[in-house]
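Down below is the structure, laid out as structure tokens.
The values are calculated or read from the model by the stated rules, or taken from the named source; none is laboratory data. Fair warning: this is a prediction, and the values are worked out from it, not measured in the lab. Note: ideal-geometry Cβ built from the backbone for every residue, glycine included; neighbour counts use all protein chains shown. All accessible areas refer to the heavy atoms of the entire protein, side chains included, with ligands and DNA or RNA removed. Shrake-Rupley method; radii C 1.70, N 1.55, O 1.52, S 1.80 Å.
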Amino acid sequence: MTPDEFFRKFSVKCFYHFTDLRNVSSIKERGGLLSMHEMKRRGIAVPAPGGNVASQRTDAINGMDKYVHLCFFNQNPMEYRAKEDGRIEESKFLEVSREVICVEGVLFTSTMSNVRGAVAVDLVRASQALDFDAIYGKVDWSDLAQRGRVVAARKYEILVPGFVDIKYLRNI
């Protein structure tokens, strides 16, 4: 499946990246979102990282620190946990243009990418393995099974290698 086919099949408006408001000025200064690997390479300290030390270590071990992590919803279990732990004080969900999936090397996971056994795949494989109907289809919230599909889909990630240019960010 190509991005155009994906856009025709599903009503994709945008994707999301959550961050603390304290990070927004740095994102603007840098011209977009940098992966943790790239920030470390450039010696950039993140004012308010969303991930904790353990998740950052796991990302680095698995190579997931080389990607900017996006999500499909403007709610995310990791954002909730980061607020609960106090790493994020006031979160902002940045809207990321759907065209970002046209960037070379973009991958998708069916769970949070730092979970043991998480496998990152391209859009062709993602279209076969991920339940995009749970994201973009009609959901009967009274049906526990359908609700469970959406809860699972909230953990899906879009992984953009290295950098998301500010031109893709709508509400920065």
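In the stretch 81-94, is there at least one residue being modelled with pLDDT of 95 or more and either farther than 17 Å from N23 by Cα or more than 12 Å from the chain's Cα centre (by Cα) (or both)?
Residues of the stretch 81-94 modelled with pLDDT of 95 or more: 94.
Restricting the remaining residues to those that are either farther than 17 Å from N23 by Cα or more than 12 Å from the chain's Cα centre (by Cα) (or both) gives none.
No: zero hits.
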Original post:
What number of residues within the stretch 133-148 satisfy the criterion of being within 18 Å of P77 (Cα to Cα) and among the basic types (K, R)?
Top reply: 1
Subject >> Selected residue (criterion: farthest from F163 (Cα to Cα)) from residues of the stretch 13-63 that are touching a residue at least 60 places away in the same chain (Cβ under 8 Å), of a type in the set (A, V, I, L, M, F, W, C) and open to solvent by less than 30 Å² (accessible area, probe 1.4 Å) >> reply: C14
Subject >> Residues satisfying the stated conditions in the stretch 52-75, i.e. within 25 Å of E104 (Cα to Cα), in a loop (DSSP other than H, G, I, E, B) and not aromatic (F, W, Y) >> reply: G63, N74
Original post:
If you go through the stretch 122-172 one residue at a time, how many are of a type in the set (V, I, T), in a helix (DSSP H, G or I) and open to solvent by less than 50 Å² (accessible area, probe 1.4 Å)?
Top reply: 2
Original post:
Hey, any hits in the stretch 110-119 for a residue that's under 15 Å from the mean Cα position of the chain (by Cα), surrounded by 13 or more Cβ atoms within 10 Å (Cβ to Cβ) and modelled with pLDDT of 95 or more?
Top reply: no
Subject >> Output for the stretch 120-136, where each listed residue is free of Cβ contacts under 8 Å to residues at least 60 places away in the same chain and touching a Lys or Arg at 6+ places or on another chain (Cβ under 9 Å) >> reply: D131, D133, A134
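Quick check: anything in the stretch 4-22 among the aliphatic types (A, V, I, L, M) and either assigned to a loop (DSSP other than H, G, I, E, B) or touching a Cys at 6+ places or on another chain (Cβ under 8 Å) (or both)? Spell out how you get there, then give the answer.
Pass one, the stretch 4-22, residues among the aliphatic types (A, V, I, L, M): 12, 21.
With either assigned to a loop (DSSP other than H, G, I, E, B) or touching a Cys at 6+ places or on another chain (Cβ under 8 Å) (or both) added as a condition, the list becomes 12.
The answer is yes, given that some residue of the stretch 4-22 is among the aliphatic types (A, V, I, L, M) and either assigned to a loop (DSSP other than H, G, I, E, B) or touching a Cys at 6+ places or on another chain (Cβ under 8 Å) (or both).
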Original post:
Among (1) at pLDDT below 95; (2) open to solvent by 70 Å² or more (accessible area, probe 1.4 Å); (3) within 15 Å of the chain's Cα centre (by Cα), where does E99 come up short?
Top reply: (1)
Subject >> Single unsatisfied condition, V150 versus (1) over 22 Å from P3 (Cβ atoms); (2) free of Cβ contacts under 8 Å to residues at least 12 places away in the same chain >> reply: (2)
**OP:** Evaluate the stretch 20-33: report whether one residue or more is within 24 Å of D133 (Cβ to Cβ) and at pLDDT 95 or above.
**Re:** no
**OP:** Residue by residue through the stretch 11-47, note down the ones that are of a type in the set (G, A, S) and within 17 Å of the chain's Cα centre (by Cα).
**Re:** G32, S35
Original post:
What are the residues in the stretch 69-96 that are closer than 21 Å to F163 by Cβ and open to solvent by 30 Å² or more (accessible area, probe 1.4 Å), if any?
Top reply: H69, M78, K92, F93, E95
